[in-house]
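Comments concern the structure below.
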Amino acid sequence: MLPTGDNKASPGHEVPTGDTRIPNSGVGHLTTTALTLGSLALPGPKGTSTVVDMTAAVKAPSILTAVTEGETIYRVWGGESGAFGHSWTPVDPGTVSDFRNAAGLPNGNNGTWTSVGTLTDTAGVSSRSALPLDGNQGGLPEYLIPNPQTQIEPKYSINNEPPK
């Protein structure tokens with residue numbers, strides 16, 4: 001069991017023989033350990049432990065996709081979605097056959113425009129796989145840019161015919 005909020009072990013918890021306690025009861029540290037090692041030793045019956053492979057269950061695309069200053073990034077937008085929204089991708093939409101589905105675009109984004117820009121500041125930028133939304137699968141690399149108007153230098157916009 002995870003330690004309780006007062007940084008003490010849960011009632012009835014016994015440390016298995018040979019166990020090295022993870023310092024600080026924060027779940028963040030435990031998660032970091034799982035991401036770093038790819039496996040996790042869980043306490044079992046007294047004197048034993050169970051090793052659980054976390055590599056298949058843990059997905060951390062922000063670790064796998066490097067965000068770099070000077071990188072060309074793209075944003076498909078239109079309708080209710082504006083040119084300087086927070087979601088951008090390093091993948092050229094023209095190279096993806098069903099971009100709307102792969103990017104997980106919302107129904108309110110009519111995809112009539114593609115903006116192309118250069119990422120000039122990576123402060124606070126995170127990456128992940130695009131989330132599924134409104135029946136679209138997602139999965140395409142997505143950058144979440146906290147201040148796109150100051151972190152992206154616009155190059156040009158393309159009117160998509162037909163829309164993405």
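The values are calculated or read from the model by the stated rules, or taken from the named source; none is laboratory data. Just so we're clear, the structure is a prediction, and the values are computed from it rather than from any experiment. Don't worry about glycine lacking a Cβ; one is built from the backbone with ideal geometry, like all the others, and counts go over all protein chains shown.
Could you look through the stretch 112-164, keep only residues that are outside any strand (DSSP E or B) and hydroxyl-bearing (S, T, Y), and pick out the one that is surrounded by the most Cβ atoms within 10 Å (Cβ to Cβ)? So the residue we want is T122. Residues of the stretch 123-161 being within 15 Å of the chain's Cα centre (by Cα), over 17 Å from V91 (Cα atoms) and touching a residue at least 40 places away in the same chain (Cβ under 8 Å), which ones? The answer is P146, and nothing else.
Taking the criterion of being assigned to a strand (DSSP E or B) and modelled with pLDDT of 55 or more, the residues of the stretch 46-82 that qualify are T72, I73, Y74, R75, V76, W77, G78, G79, S81.
Looking at the stretch 83-98, can you tell me whether even one residue there is buried (at least 20 other Cβ atoms within 10 Å of the Cβ), part of a helix (DSSP H, G or I) and touching a Ser or Thr at 6+ places or on another chain (Cβ under 6 Å)? Yes: one or more hits. Cβ-Cβ distances below 8 Å connect the following pairs, each with a first residue in the stretch 107-118 that is over 14 Å from L133 (Cα atoms), a second residue that is among the hydrophobic types (A, V, I, L, M, F, W, C) and not in a strand (DSSP E or B), and a separation of six or more residues or different chains: G111/F99; G111/L105; W113/A83; S115/A83.
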